[in-house]
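*Asks:* Before anything else, here's the structure in question.
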Amino acid sequence: MKFVLSMAYSDPREACELARCGEAAGFDSIAISDHVVHPEVLKTPYPYTADGKPRWDSKAHWPDPWVTIAAMSAVTERIRFLTSIFVLPMRNPFLVAKAVATAQVLSGGRCSLGVGVGWMKDEFDLLEQDFTRRGARCDEMIEVLRTLFGGGMVEHHGRFFDFERLEMNPVPDAPVPILIGGISPPALRRAARLGDGWISDAHTEAELLAYAATLAQLRREAGRSSLPFKMVGAAVYRPDSEGIRRLEDAGYTHLISLPWLRPDAPAPSLEEKRAAVEAFGETTIARFA
């Protein structure tokens, strides 16, 4: 099992220091989340809580993922970076390809693109993108991104995007892994059919094991069960060593952690976050090195 340090809601001014600390502690990757704005009146219910309210308030930090990744990659050498989750279909595919490819080149190939279709119609409206067809657009955008990442003169003629031969530079030296997030049946099918991996929301162990079984079946049906596939899980509990082994046996390759998370506690300082990251490295990561 490899471990992923979540930067959710963290002040971006702490990002570089936490990246250095996470690398020293033995984390494999850092996960960066994504939103553009937080409307004062949110019209779209949040789908992952019982009351439809987000887990954060309007003051939570949502730095641009690719700017943040570029900054962190400049002060680290080994640790990798993952978006969890980048809302792909509310963006322009050419701008996404440019940002991701540039970050991949500057970081020395340490980026993975974790994408989802999003849930907040408010943001789609502000960015002037069609919310109702976001799933189909996401599927085609993945195809467009992989075409552009391949380099050279390329063209694409699809339902949503149609362009003649063109070339984008810089391009990555190797394919950028594209992981799919989401727990709806369409999202799971998309991950099995198109993804190099899957990223969960935060779940119980029973839920994580059930999703792993579902994805294994969907990948068999898609004829892709023999291909490499990353499984990135997040838990609503703190699994012990035996629990981590059970997730690993089920197919999970990575586990997302927010080491300083303390429900109902004051927001931790940077020093408290550093101490929590170092302790996680000593007590958990070292056992699975």
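The values are calculated or read from the model by the stated rules, or taken from the named source; none is laboratory data. Keep in mind that what you see is a predicted model, and the values were worked out from it rather than measured. Cβ atoms come from the backbone with ideal geometry, glycine included; neighbour counts cover every protein chain shown.
*Asks:* Can you name the residue in segment 41-78 that is touching a Pro at 6+ places or on another chain (Cβ under 9 Å), among the aliphatic types (A, V, I, L, M) and not in a helix (DSSP H, G or I) and is also farthest from Leu179 (Cα to Cα) among such residues?
*Replies:* Leu42
*Asks:* Considering only residues of segment 6-65 that are acidic (Asp, Glu) and buried (at least 17 other Cβ atoms within 10 Å of the Cβ), which is nearest to the chain's Cα centre (by Cα)?
*Replies:* So the residue we want is Asp34.
*Asks:* Keeping to segment 34-84, report how many residues are free of Cβ contacts under 8 Å to residues at least 40 places away in the same chain and basic (Lys, Arg).
*Replies:* 3
*Asks:* When you scan segment 232-248, do you find a residue that is of a type in the set (Phe, Trp, Tyr), within 22 Å of the chain's Cα centre (by Cα) and in a loop (DSSP other than H, G, I, E, B), even just one?
*Replies:* For segment 232-248, residues of a type in the set (Phe, Trp, Tyr), within 22 Å of the chain's Cα centre (by Cα) and in a loop (DSSP other than H, G, I, E, B): present.
*Asks:* Please go through segment 162-189 and pick out each residue that is in contact (Cβ under 8 Å) with a residue 12 or more places away in the chain, out of contact with any Cys (no Cβ under 9 Å at 6 or more places or on another chain) and either in a strand (DSSP E or B) or under 25 Å from Asp130 (Cα atoms) (or both).
*Replies:* Hits for segment 162-189 are Arg165, Leu166, Ile178, Leu179, Gly181, Gly182, Ile183, Pro186, Ala187, Leu188, Arg189.
*Asks:* Condition first: under 17 Å from Leu270 (Cα atoms) and in contact with a Phe, Trp or Tyr (Cβ under 8 Å, 6 or more places away or on another chain). Can you find one or more residues in segment 42-59 that meet it?
*Replies:* No: zero hits.
*Asks:* Would you call Arg287 part of a helix (DSSP H, G or I), out of contact with any Ser or Thr (no Cβ under 9 Å at 6 or more places or on another chain), of a type in the set (D, E, K, R) and surrounded by fewer than 21 Cβ atoms within 10 Å (Cβ to Cβ)?
*Replies:* Taking the combined requirement at face value, the residue does not satisfy it.
Quick grid of which residues meet (1) of a type in the set (D, E, K, R); (2) free of Cβ contacts under 8 Å to residues at least 40 places away in the same chain:
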| position | (1), (2) |
| --- | --- |
| Thr204 | no, yes |
| Leu209 | no, no |
| Glu248 | yes, no |
| Tyr252 | no, no |
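For every residue, the table says whether it meets (1) among the β-branched types (Val, Ile, Thr); (2) touching a Cys at 6+ places or on another chain (Cβ under 9 Å).
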residue: Ile85; (1), (2): yes, no
residue: Met90; (1), (2): no, no
residue: Leu95; (1), (2): no, no
residue: Val105; (1), (2): yes, no
residue: Leu113; (1), (2): no, no
residue: Val117; (1), (2): yes, yes
residue: Lys121; (1), (2): no, no
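*Asks:* Filter segment 195-224 down to the residues that are of a type in the set (Val, Ile, Thr) and out of contact with any Gly (no Cβ under 9 Å at 6 or more places or on another chain), then identify the one that is nearest to Val176 (Cα to Cα).
*Replies:* Only one residue fits best here, namely Thr214.
*Asks:* Then there's this: From Phe81, Phe163, which residue is of a type in the set (Phe, Trp, Tyr), at pLDDT 95 or above and crowded, with 23+ Cβ neighbours inside 10 Å?
*Replies:* Criteria check complete, one pass: Phe81.
*Asks:* Right, here's the next one. Can you list residue pairs whose Cβ atoms sit under 9 Å apart, with the first residue in segment 5-26 being in a helix (DSSP H, G or I) and the second being basic (Lys, Arg)? Count only pairs 6 or more apart in sequence or on different chains.
*Replies:* Glu14/Lys273; Glu17/Lys273; Glu17/Arg274; Leu18/Lys273; Leu18/Arg274; Cys21/Lys273; Cys21/Arg274; Glu23/Arg78
*Asks:* Condition first: among the acidic types (Asp, Glu), farther than 26 Å from Ala25 by Cβ and either surrounded by fewer than 16 Cβ atoms within 10 Å (Cβ to Cβ) or at pLDDT 95 or above (or both). Can you find one or more residues in segment 224-246 that meet it?
*Replies:* No: segment 224-246 contains no residue that is among the acidic types (Asp, Glu), farther than 26 Å from Ala25 by Cβ and either surrounded by fewer than 16 Cβ atoms within 10 Å (Cβ to Cβ) or at pLDDT 95 or above (or both).
*Asks:* Being crowded, with 19+ Cβ neighbours inside 10 Å, over 30 Å from Pro54 (Cα atoms) and polar (S, T, N, Q), is that true of even one residue in segment 166-175?
*Replies:* No, because not a single residue in segment 166-175 is crowded, with 19+ Cβ neighbours inside 10 Å, over 30 Å from Pro54 (Cα atoms) and polar (S, T, N, Q).
*Asks:* Now, a different point. Which of the residues belonging to segment 190-200 are crowded, with 18+ Cβ neighbours inside 10 Å and assigned to a helix (DSSP H, G or I)?
*Replies:* Within segment 190-200, Arg190, Ala191, Ala192 meet the criteria.
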